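Here you go, one structure.
The values are calculated or read from the model by the stated rules, or taken from the named source; none is laboratory data. Given the structure is predicted, the values throughout are model-derived calculations rather than measurements. All Cβ positions, glycine included, derive from the backbone under ideal geometry; neighbour counts span all protein chains shown.
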Amino acid sequence: MIKSMFITAKTRLTNEKKIILALGILLILSCGFLSFIERGKMKGTNTVNWELYFANPKSAELTFVIKNNGKKANFSWKVLTENGKIIRDGEENIATGKKTIILEEENREKETIIEVTSADGNRKEIYKR
């Protein structure tokens, strides 16, 4: 009887080790799989390599920033009213880095839209009320 208790305890310990080993292998495999999937997703999101944002989003001024992280350097921009009327427009050549476009305070309507288009046709808009 005493001998059978030791044998049972010994096999139970090896079964526990097998379970822990299997869980460890499963954890490593799942981490590898998830990192592979995420790497694939990151390749698809880096197609548009530029950003558009207000220099000071809480103030009433319309100064905005174009930050270019890609190879396309030419950008065109326009400031529109909520009705679609163009107030100002321009073009910028930003090789890499960021450029701040300072707009003088003008009499503007309730909502102003700043639309920027890159050389390859990608378009982004920001709004200020």
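Looking only at the stretch 103-129, filter to residues that are within 17 Å of Pro57 (Cβ to Cβ) and exposed (fewer than 11 other Cβ atoms within 10 Å of the Cβ); which one of those is modelled with the lowest pLDDT?
Among residues in the stretch 103-129 that are within 17 Å of Pro57 (Cβ to Cβ) and exposed (fewer than 11 other Cβ atoms within 10 Å of the Cβ), the one modelled with the lowest pLDDT is Glu105.
Counting just the residues of the stretch 46-102 that are closer than 13 Å to Asn122 by Cβ and among the basic types (Lys, Arg), which one comes out surrounded by the most Cβ atoms within 10 Å (Cβ to Cβ)?
So the residue we want is Lys72.
Where residues in the stretch 16-58 are part of a loop (DSSP other than H, G, I, E, B) and at pLDDT below 85, which of them is nearest to Asn93 (Cα to Cα)? Spell out the reasoning first.
If we filter the stretch 16-58 for residues that are part of a loop (DSSP other than H, G, I, E, B), which is where we start, we get 46-49, 55-58.
Adding the requirement that they be at pLDDT below 85 leaves 46-49.
Working: Asn46: 21, Thr47: 19, Val48: 17, Asn49: 15 Å.
My answer is Asn49.
I would also like to ask the following. Would you check if Gly84 is assigned to a loop (DSSP other than H, G, I, E, B), of a type in the set (Gly, Ala, Ser) and within 19 Å of the chain's Cα centre (by Cα)? Step through it out loud before you land on a result.
On the way: assigned to a loop (DSSP other than H, G, I, E, B): yes; of a type in the set (Gly, Ala, Ser): yes; within 19 Å of the chain's Cα centre (by Cα): no.
Answer is no for this residue.
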